[in-house]
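See structure below.
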Amino acid sequence: MLIRPMADADLVEAYGIRYQQLYPGGGEDLAPWGFGRAVVEPGGVTDPHAHDENEVFLILEGAGEMTIGEERRPIGPDTAVFIPAGNPHFIRNTGDSERLTFLSIYWPTAHGRIDL
């Protein structure tokens, strides 16, 4: 069993925001995927980036705007966003007082880049 506390003290600077890698971090042989928790402060934005893994953001709290390529959409709690491998993306906290918190789940792609 792997149990990870999700405390603000465990967040580090990454991607222009605060991030906590939850898995892997011991037990890497258990699954070919990983996930972490991200916190974007009011008015903050992640660094635009792309990578070879597919990714899903599960929005837990706050309001924001998700950009993938040229497409932008509002997001909020109870929203899931699929980000295909190879597509540039970033997320912005559009709130003025509440932080935007989400889980990032990522895994290798078997088919290469997918354009939406």
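If the Cβ limit is 6 Å and pairs must be 6+ apart or interchain, which residue in region 64-92 that is closer than 14 Å to Ala50 by Cβ pairs with which residue that is of a type in the set (Lys, Arg) and not in a strand (DSSP E or B)?
That search, which allows pairs on different chains as well, returns Ala85/Arg113; Gly86/Arg113.
Please find, among Met1, Met6, the residue that is assigned to a loop (DSSP other than H, G, I, E, B), surrounded by 12 or more Cβ atoms within 10 Å (Cβ to Cβ) and of a type outside the set (S, T, N, Q).
Met6
Read-outs throughout are calculated quantities, based only on the coordinates presented, and are distinct from any laboratory measurement. What you see is a predicted model, and the numbers here were worked out from it, not measured in a lab. A quick note on method: Cβ atoms are made from the backbone with ideal geometry, for glycine too, and the neighbour counts reach across all protein chains shown.
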